[in-house]
Amino acid sequence: MAADTPNETLGELLGCLSWSGERLAREICRVLGTGAVHSTAPYKWLKGHQPRRDEVRQATAFVLSHASTRPVTVSELWPGCAPRDSHLIPAVSGMEVPWTLQGTLALAHDWLLGGLMDRRVFVAISGSALTKLAWIAVNTEPARLAAALAGGQVCVTLIEQIEGTIPHLRQLDDRQGGAANLVYVNAQFQAVAQLLMTANHGGAISRRLLVALAELGQLAGWMAADAERHGLAQRYYLTALRAAHNAADKALAANVLSMMAYHAASREEPTDAIILGTAAVEMARRSPVTVQALATSRLTYGYALTGDTDRFNAAYGRARELAEHPTGHRPRWAYYVSPQLIDAACGSYQVSLALSYPHNRQRHLGTAITLLTPSATAPTDQLYQRDALLHGTWLAAAHIGRGELEQACEVGRTVLARLPHVNSPRCLVRLGRLADELRGRKVNPHVREFSTELDRRLKLFV
């Protein structure tokens, strides 16, 4: 197709879907990650140009096929493009294996085959293909661990070293964000997978390796979601869920499920979020109090998106009550659970609730401001910088919703001050939405001044 010949096929598809070029770009970025294509790129394609990168062409065909419910091929969109093997793979591909140790080892083997330079692009899924796996985990009893695996032996010193490293990796994510160290965490994840597959050791060490694999998979999934690589995040989460299941660690499995629920809600899939969150709460029923609090608090996000005020308030109240009285054992990965964390998280969900249930909009936004302010205004030397940045974007949005534009801009400046220290595409997406909300309010001098700075800073990350 010549560069000056309009792409009528692409134009007809976008017309049928009532999509703008910006909408197509956003959907492609949901598959490939933030910044994969510029928001104006599809308009060039409509004029006859084509993407230079094969994965962008494949992602375009994929999202149009999914949205139009009919197959759309790269060659249909851009005749003459040589067909290539697609690297786009659904996140659940190849996961139709038994919920046994051997099934988990098969998934570990798949990760190792991909290697550190895996070219596959995992595509996030939704609906029963995802949620049915959660309830399989809830309703299936784990089989007993095999007494030994073929290969060399893993000594106690090595497993202790692996276990001791994971808390430090979590702190890297807390401070710097998910995109900063995902490659390194993936290397640790694959190293544990290799040990699990090849080592000859007893059941106790096998279980500890499975727990380590689940913790690293959960952390990598969280970091991948923060990096806006949603299909990869689901793949990590589902592997972690199986590993925790095989280790008979229901608390850890509940945590993974609750993170999957939060991930679904952040992708604006409320039905999935509620189903996954309900499964997490059920799994956590006999787990430590801190785990129950965490699972219950993340379920509130789904309720917020559907405007279910009664269930939102009940779940938030229950999570807050549990967090205030953390009796009994606290898993080491639940170190961050506190009433303040529950408040900040549910404060951001209150903003979503205000948007989906405008009847009490001002009250919800006022509550959100109260709950979010302590986290969003935390000192810049505090550990949880990524969360402070993220909560700051929600706090600014709440002020905008209440017409408090000067306060929104003040919060926005605090958010921008954290940017040099945090590598989180998820936060950049939130900042982009904040810029969009302010764009029509530039008659206000505070907005005009801050928007100029915000747009300039965002361009540095495109």
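Quick look at the numbers
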read-out: Matching helices (runs of 4 or more DSSP H) fully within region 41-111 where at least 3 residues are in contact with a Gly (Cβ under 9 Å, 6 or more places away or on another chain), of a type outside the set (A, V, I, L, M) and farther than 29 Å from GLY217 by Cα; value: 41-46
read-out: Residues (assigned to a helix (DSSP H, G or I) and in contact with a strand residue (DSSP E or B) (Cβ under 9 Å, 6 or more places away or on another chain)) located in region 225-235; value: HIS230, GLY231, LEU232, ALA233, GLN234, ARG235
read-out: Any hit, region 421-439, residues being of a type in the set (S, T, N, Q), more than 22 Å from the chain's Cα centre (by Cα) and not assigned by TED's automatic domain parsing to the domain that holds ALA180; value: no
read-out: Residue in region 318-341 that is of a type in the set (Ser, Thr, Tyr), more than 20 Å from the chain's Cα centre (by Cα) and crowded, with 24+ Cβ neighbours inside 10 Å present; value: no
read-out: Answer from GLY114, GLY94, GLY164 - the residue that is assigned by TED's automatic domain parsing to the domain that holds GLU215, in contact with a Lys or Arg (Cβ under 8 Å, 6 or more places away or on another chain) and either at pLDDT 90 or above or under 17 Å from LEU232 (Cβ atoms) (or both); value: GLY114
read-out: Qualifying residue in region 245-256 (condition: surrounded by fewer than 24 Cβ atoms within 10 Å (Cβ to Cβ), under 16 Å from the mean Cα position of the chain (by Cα), more than 20 Å from LYS132 (Cβ to Cβ) and not acidic (Asp, Glu)); value: no
read-out: Meets criteria (farther than 25 Å from ALA36 by Cβ, touching a residue at least 40 places away in the same chain (Cβ under 8 Å), in a helix (DSSP H, G or I) and more than 25 Å from the chain's Cα centre (by Cα)) for GLN407; value: no
read-out: Matching residues in region 245-301 - criterion: being in the same structural domain as ARG235 (by TED's automatic domain parsing) and among the basic types (Lys, Arg); value: LYS250, ARG267
read-out: Residue list for region 423-454, restricted to those being in contact with a Lys or Arg (Cβ under 8 Å, 6 or more places away or on another chain) and among the polar types (S, T, N, Q); value: SER424, SER451
read-out: Residue list for region 126-140, filter: within 18 Å of the chain's Cα centre (by Cα) and either free of Cβ contacts under 8 Å to residues at least 12 places away in the same chain or surrounded by 19 or more Cβ atoms within 10 Å (Cβ to Cβ) (or both); value: LEU130, THR131, LEU133, ALA134
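The values are calculated or read from the model by the stated rules, or taken from the named source; none is laboratory data. What you are looking at is a predicted structure, and each value in this text was computed from that prediction instead of being measured. Ideal geometry is used to build each Cβ from the backbone, glycine not excepted, and the neighbour counts take in all protein chains shown.
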